[in-house]
1. Assuming R0 = 35 Å, can you tell me the calculated FRET efficiency for the pair K2 and R262, based on Cβ-Cβ distance, to the nearest 0.05?
2. What is the spin-label model distance, in nm, from F99 to R405 if the labels are put 7 Å beyond Cα along the C-beta direction?
3. What ranking do T257, T128 get, fewest neighbouring Cβ atoms within 10 angstrom at the top?
4. Work through the residues other than G132 whose Cβ is under 11 Å from its Cβ and net out their charges, Lys, Arg +1 and Asp, Glu -1.
5. Can you put F25, F182, F238, F263 in order of Cβ neighbours within 10 angstrom, beginning with the fewest?
6. For the chain, what is the calculated [θ] at 222 nm in deg cm²/dmol (nearest 500), taking -39500 (n - 2.57) for each run of four or more DSSP H residues and dividing by its residue count?
7. Express the relative contact order of the chain as a whole percentage, based on alpha carbon pairs under 8 Å and six or more residues apart in sequence.
8. What aspartates and glutamates does K403 reach when the alpha-carbon gap must be under 18 Å and sequence neighbours fewer than 8 apart in one chain are set aside?
Amino acid sequence: MKFIHCADIHLGKTYYNNETRYNDFFDAFSHVVEKAVAEKVDALFIAGDLFHNADIKPLTLSKTIDIMEPLKRAGIEVVAISGNHDRIHKQGELSWLQFLSLRGYVRFLQPSIDTSTGEINFPEWDDTKKTGGKINIKGVNIYGLGYFGATGGLMAKKSLVGIDPKQNNILLFHTGVWEYAFIDIGNISKDELMPLKDSFDYVALGHGHNRYEIDNFAYNPGSLENVNLGEEKQEKGFYIVEFEDSGPKPEYITLKTRPLLRFEIDVSESHSSEDIYKKITEYCLSKEGTVPPGSIIFIRIAGKIHFHSYEIESDIIRRIISEKFSPLYIDVENNTSLTSKRIKREDNLTLEEQVKKTIQEMIEESEEHRVYSKELSDLVFKFKDFSLSSSCNEQEIIDYIQKERKRIYED
């Protein structure tokens, strides 16, 4: 059998309602479909997060169906599981993945879970009802586990019950692995993953947007496009796999992505907005020749200044950058503040380290929290990372903060 394994496609994702950016994710998925048809693969596996949200717009659904139509005409089986972004949280509601399954565009797999015992089983695919947890393609059993967040390790263990290791088995599992994934929520440990190796020839992972491979059996392709700021240096793409008697032979196909660039500019000690614009112009000059056309630029200015920050005009900053480069979009974050007292600037610290140090000093002014200043400043920065990441939902962030609060104050 020959198949493609991709994950974290995030159709429907955009930035600031920018149509070009919205289409980037469909273009990336189109490349996968074109490759699948050209290579005459037997199946295309989507290991979670086909959509960026569970509730998608009609245009997103329409464009998805248009892209998938060639797969349907070519007789290529599309097997998908839900991820943390596109799963339905209310029991009994129909997801858009289930809709696509009913229309014959995908085989949406999900296990059956006994609510009284918590045991997992994978019912055979029922082509009449368009439901099931397991499907056989050319003699290979495909199991769909989906996303279980913090209980993923337990579910991985339970999924082994009833699996015949003598058969050819593939598992689709939307989870990160702590030691490899650049994400702090919804992962399992490598120790929890490794027992799957005895029963599954290939574990098709999703969730983490960075590519990694574990012990020649578990593969995470990463997202097809840069989804969040911070991913810009990660390899993006998918696997095409020849499944032979000797085992799977994966080849990674790299995709070109939209560049995401971050400009961090220290404007400390500026006395006017003109001082700020001059520093930004000088920074842009230092970046000449390094910014590809069509990039998305995130610019953050920070520092203690000697005038009110509302005098700084974001439109002027965008114009300065646009005159030097040809970006698709510019996002401006003004993180300056009025100088109230002189803070000692330490030359050996990065801007982030300086900001973290300042936050820690502010916390130390409170007698109640002084002893926990280091832990609390770290938590503030972790919350910032979560806020910038679209891979974490609100409840997961709340759970994480509550857990850390208990660890800091009670342990």
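Please treat every number below as a calculation from the coordinates, not as lab data. Predicted, not measured: the structure shown is a model, and the values here were computed from it. Every residue, glycine among them, receives a Cβ derived from its backbone with ideal geometry; neighbour counts consider all protein chains shown.
1. Working: r = 39 Å, r/R0 = 1.12.
Given R0 = 35 Å and the Cβ-Cβ separation, E is 0.35.
2. Placing both labels 7 Å beyond Cα along the Cβ direction yields 3.7 nm.
3. Exposure proxy ranking, most exposed first: T128, T257.
4. Details: positive: R107, K129, K130, K134; negative: E124, D126, D127.
Charge balance in the 11 Å sphere: +1.
5. Numbers: F25 25, F182 16, F238 31, F263 19.
Ascending Cβ contact count within 10 Å gives the list F182, F263, F25, F238.
6. Values: 10 runs with 128 residues, N = 411.
Computed ellipticity for the chain at 222 nm equals -10000 deg cm²/dmol.
7. Values: 788 pairs, mean separation 47.5, N = 411.
That works out to 12 percent.
8. D184, E375, D378, D385, E394, D411
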